[in-house]
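Data block below; observations after.
The values are calculated or read from the model by the stated rules, or taken from the named source; none is laboratory data. In this text, all values refer to a predicted model and were calculated from it rather than measured experimentally. Glycine also receives a Cβ, built like all others from the backbone with ideal geometry; neighbour counts cover every protein chain displayed.
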Amino acid sequence: MSLPHDPRWPRAAHWLEHGSQSPELVVLGVPAHETSISPTNANLTPSAIRQALLRYSTYHVGRDLDIANLAALDAGDVNSPDHFEGELRVADQIHQLALNESQLLVALGGDNSITYSVMHAMFGDDLSQAGLVTLDAHFDLRDGISNGSPVRRLIDAGLPGHNIVQIGINDFSNSPAYGALARELGIRVIPRSVLRTHDISEIMRDALDHLGANTKGIYVDIDVDVCDRSVVPACPAAAPGGLSADELRQAAFIAGNDMRVRAIDLTEIDATKDAADERTVRLAALCVLEIAAGRLATSR
């Protein structure tokens, strides 16, 4: 990629590449794709997001924040993170990072199966004391191991249903059986239709406060197919009428801004199916920057 060089216009990719020995934010690629319900090249997406960061600066104009002041580390990618053996590698690499409660992990998927492996690695035996917010068009309550089952697997591993808030669940993208199961499990569901009359910032803060009062840490899953298909053509399961790009960016900032949030993932993008203008991976890159700005803002 040939881009102009201006020493007074630092690029976000260089901020992340610089690395820190005492990071406040750690980025980890988890390129899972082999158990996806539909064929995907989501394994190529972490590198595409890093490349897209070259398009952006480190300056958040609206809040007068320069994320170059946030210590960050790119921890690379987990090698072959699929299946049982791969999930063990995810856990091993996360445990090696030895993150404390003030450090935020941002996991770049990969398909949505990584929500199970990353959250399970982060909280382990404390899943019963953890909370989960999903921004997703789907319940992800299927049986088995796939990108359609991470929420079900986390519940089976000890995460209480009443410690889950699902935002953006879309009409005609789910079945009556899984809707009934979500109710039975006590999951708090905020469908896309509610967001037509409520601000995403209000919904996100309410979800985090709801979980924060009852848990010892929160995980946020940002499945990018929660967005309108026009803004995320690289998300095969996205439907017309989803969240706007700006709503997703707002949600990412708020997640990063809450110190109760221990980890955030970005999933379900197949970079090989993106539009020529790379709008999907560029949105994902902006979400990384919004998360970083949110975390930096906690110290202001």
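Can you say whether D143 is over 27 Å from L16 (Cβ atoms), touching a helix residue (DSSP H, G or I) at 6+ places or on another chain (Cβ under 9 Å) and acidic (D, E), as far as the supplied structure shows?
yes
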Fill in: Pick from the stretch 1-43, criterion more than 25 Å from V261 (Cα to Cα) and of a type in the set (D, E), ranking: farthest from the chain's Cα centre (by Cα)
D6
Practice prompt. Look through the stretch 214-245, keep the residues that are over 18 Å from the mean Cα position of the chain (by Cα) and closer than 17 Å to I187 by Cβ, and return whichever of them is modelled with the highest pLDDT.
Written response: T215
Item to complete: Scan the helices (runs of 4 or more DSSP H) fully inside the stretch 59-173 and keep the ones with 2 or more residues being surrounded by fewer than 18 Cβ atoms within 10 Å (Cβ to Cβ) and hydrophobic (A, V, I, L, M, F, W, C).
Response: 83-97
Worksheet entry | Residues being in contact with a Gly (Cβ under 7 Å, 6 or more places away or on another chain) and either part of a helix (DSSP H, G or I) or under 21 Å from G19 (Cα atoms) (or both) - total across the stretch 265-292 | 5
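Any residue at all in the stretch 34-51 that's in a strand (DSSP E or B) and either out of contact with any Lys or Arg (no Cβ under 7 Å at 6 or more places or on another chain) or at pLDDT 95 or above (or both)?
no
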Worksheet, complete the sentence: A careful count of residues in the stretch 174-192 that are assigned to a helix (DSSP H, G or I) and exposed (fewer than 13 other Cβ atoms within 10 Å of the Cβ) gives 5
Worksheet item: Which one is nearest to L25 (Cα to Cα) among residues in the stretch 260-279 that are under 17 Å from the mean Cα position of the chain (by Cα) and small (G, A, S)?
Response: A263
